[in-house]
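**Q** Before we start, here is the structure in question, set down as structure tokens.
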Amino acid sequence: MKTSSEAEFREYVASRWPRMLRTAYLLTGHHHDAEDLVQAALARAYTRWERVRRTDDPDAYVWRIMINANVDRLRGLRVREWLTTRFPESRESQVADRADQVVDRSLLLDALGRLPARQRAVLVLRFLEDRSETEVARVLGTRVGTVRSHTSRALARLRRDGAVLGLARRGTAAPSGAPSGAGGRR
């Protein structure tokens, strides 16, 4: 890779790393798996950087690489991983202050973990990254109608499992439009 392209790639990585890591964490449910996923996606993007930088939307290209890498990772898992609500012990006051956050995060990660990879990716991109249906479709390389279908099915499954309603009952805001069916950004 040329020196100017390499410098451009380094700048890209430095500016996108936190956002990619957040998305990867929401897809995987584990910080270490998220870091591995982002690194794998960026390694693939690096080998194709000349093609990536010429696209209309390099972010969509790299996010698609990351989502595909996550699907590949899930296919390779032999033993199902279960997220737990148990964290290392800390001082009582900190535990009391953060108890609601831990329960909410645990409910959300458990609910996302039960969804198929594509539905999980759509919900993460739509509601947790606040992307429009058009943006999600471009990132996933699919049609807007498919994004709507995955969103509808995923939210229906979450409602059926009681995950979103459990968050709403606790007074925590569920994803925009999730409980009532009112849409978010289009």
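The values are calculated or read from the model by the stated rules, or taken from the named source; none is laboratory data. If you're wondering where the values come from, they're calculated on a predicted model, not measured in any experiment. For neighbour counting, all protein chains shown are included, and Cβ atoms are generated from backbone atoms with ideal geometry for every residue, glycine included. For the accessible areas, the whole protein counts, side chains as well, though only heavy atoms, and no ligand, DNA or RNA atoms are used. Shrake-Rupley method; radii C 1.70, N 1.55, O 1.52, S 1.80 Å.
**Q** Looking for whichever is of a type outside the set (K, R), modelled with pLDDT under 80, part of a helix (DSSP H, G or I) and under 27 Å from A137 (Cβ atoms) here; the options are L108, L123. Which one fits?
**A** On the way: L123 fails: modelled with pLDDT under 80.
Matching residue, one of L108, L123: L108.
**Q** Moving on to the next point. Kindly list the number of the only condition in (1) at pLDDT 85 or above; (2) open to solvent by 20 Å² or more (accessible area, probe 1.4 Å); (3) not hydrophobic (A, V, I, L, M, F, W, C) that fails for R170.
**A** Result: R170 passes all but (1).
**Q** Take A178 and tell me if it is open to solvent by less than 40 Å² (accessible area, probe 1.4 Å), touching a Leu at 6+ places or on another chain (Cβ under 6 Å) and modelled with pLDDT under 90.
**A** yes
**Q** Then there's this: Tally the residues that are of a type outside the set (S, T, N, Q) and closer than 16 Å to E129 by Cβ, restricting the search to region 1-28.
**A** 11
**Q** While we're looking at this one, here's another question. If you go through region 114-140, how many residues are among the charged types (D, E, K, R), more than 14 Å from L155 (Cβ to Cβ) and buried (at least 21 other Cβ atoms within 10 Å of the Cβ)?
**A** 1
**Q** Now for a separate question. Restricting attention to region 50-73, which residues are open to solvent by 50 Å² or more (accessible area, probe 1.4 Å) and outside any helix (DSSP H, G or I)?
**A** D56
**Q** Identify the single condition in (1) modelled with pLDDT under 85; (2) part of a helix (DSSP H, G or I) that F87 does not satisfy, given that it satisfies every other one.
**A** (2)
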